[in-house]
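Here is the structure we will look at, set down as structure tokens.
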Amino acid sequence: MALFNNNERKILLGIGIGVASATLVRGVGSAFRGLGRPALKATVKAGILLFDKGRENLALFKETIEDLSAEARAEIEATRDKSLPGTVPETDSAKEAYGPERVYHA
């Protein structure tokens, strides 16, 4: 490997870059140290608000589905009641055909 050939300049350069990076990180880290907790707190608050809004939307969706299914069941029952054997659907043409003026005698 070229790095470990008796080339001390590369080794010293690498050590110098490492020490400079460590010093820079320590200086920058201390400047932003006080921001960690408030940023985390703001993130947790946003998560809680998002969760609550999601629960609210889910409840609204559930209520809508329940209303639609109740309406569909009512329509099915109404159709089923009209189509029972021995009953005549209540339409205008049925009222005219089977009204008191035209009585069928067997």
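Read-outs: derived from the displayed coordinates by stated rules, not from any lab. Keep in mind it's a predicted model, so treat the numbers as computed, not measured. FYI the Cβ positions are ideal-geometry reconstructions off the backbone, even for glycines, and counts take in every protein chain you see.
Observations on the structure shown:
- Kirkwood-Stokes translational diffusion coefficient of the stretch 9-83, alpha-carbon pairs, 20 °C, 1.002 mPa s, µm²/s: 115 µm²/s
- Förster-model FRET efficiency, 41 Å R0, Leu24 and Glu56, C-beta, rounded to 0.05: 0.30
- Counting 0.36 nm for each residue step from Arg37 to Ser83 and taking away their Cα separation leaves a gain of 9.7 nm.
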